[in-house]
Amino acid sequence: MPTDPPEANSPACFAHEADDAYMGYATRVEIAAFLNELLEAERAGTGVALQSARTAGGTPFDGLLHDIHRDEARWCAMLLRQLKMLGVPASPRIGAFQEKAMAIEGLPERIAFLNRGQGWVVRKLREMMPKVRDDGLHRDLADMLQSHEANIARATTALEEKRD
């Protein structure tokens with residue numbers, strides 16, 4: 001008497017229905033916390049770049065700081081949009097980075113500190129991106145990563161030229 005083959009518990013064709021955490025992706029809660037952490041950091045970066053640009057007039061750093069400010073504001077808007085799409089409230093806070101950076105007197109030293117902050121964002125993005133399942137969010141984070149890497153390179157070049 002023939003018997004039916006055993007039924008598989010989790011066929012590959014149902015993998016797309018699996019829980020994100022089960023599949024190695026970040027959960028909705030983890031994504032929301034990450035986006036809010038970045039939002040706070042980007043707000044701080046926006047403030048540092050804007051306030052620093054006001055004192056950079058006529059220096060080689062003027063255009064750089066205005067561009068960084070514009071980028072930071074752009075990423076704040078993207079993060080707010082992504083949080084809204086998740087149905088998660090956005091953090092109203094500004095990261096402590098702003099206060100620390102603005103306590104630095106010299107503009108080149110502050111830009112170097114800002115660059116380290118941009119590097120922190122790059123590290124966080126590289127850690128999280130492999131865990132992001134949503135294609136739209138992944139694209140936005142990849143664009144953000146590329147922008148921060150470009151800003152780091154520009155700031156590094158500007159600081160090196162200032163030393164020469």
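The values are calculated or read from the model by the stated rules, or taken from the named source; none is laboratory data. What you see is a predicted model, and the numbers here were worked out from it, not measured in a lab. Glycine gets a Cβ as well: all are built from the backbone with ideal geometry, and neighbour counts include every protein chain shown.
Here is a yes/no grid of residues against (1) of a type in the set (S, T, Y); (2) surrounded by fewer than 22 Cβ atoms within 10 Å (Cβ to Cβ):
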{"site": "L38", "(1), (2)": "no, no"}
{"site": "R43", "(1), (2)": "no, no"}
{"site": "T46", "(1), (2)": "yes, yes"}
{"site": "R54", "(1), (2)": "no, yes"}
{"site": "T59", "(1), (2)": "yes, yes"}
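Which one is modelled with the lowest pLDDT among residues in the range 46-64 that are touching an Asp or Glu at 6+ places or on another chain (Cβ under 9 Å) and more than 10 Å from C76 (Cα to Cα)?
Once the filter is applied, the top-ranked residue is P60.
Within the range 75-115, the set of residues being part of a loop (DSSP other than H, G, I, E, B) and in contact with a Phe, Trp or Tyr (Cβ under 8 Å, 6 or more places away or on another chain) comprises I104 only. Out of V121, V88, V132, report the one residue that is touching an Asp or Glu at 6+ places or on another chain (Cβ under 8 Å), of a type outside the set (S, T, Y), touching a residue at least 24 places away in the same chain (Cβ under 8 Å) and surrounded by 15 or more Cβ atoms within 10 Å (Cβ to Cβ). Testing whether each residue is touching an Asp or Glu at 6+ places or on another chain (Cβ under 8 Å), of a type outside the set (S, T, Y), touching a residue at least 24 places away in the same chain (Cβ under 8 Å) and surrounded by 15 or more Cβ atoms within 10 Å (Cβ to Cβ) leaves just V121.
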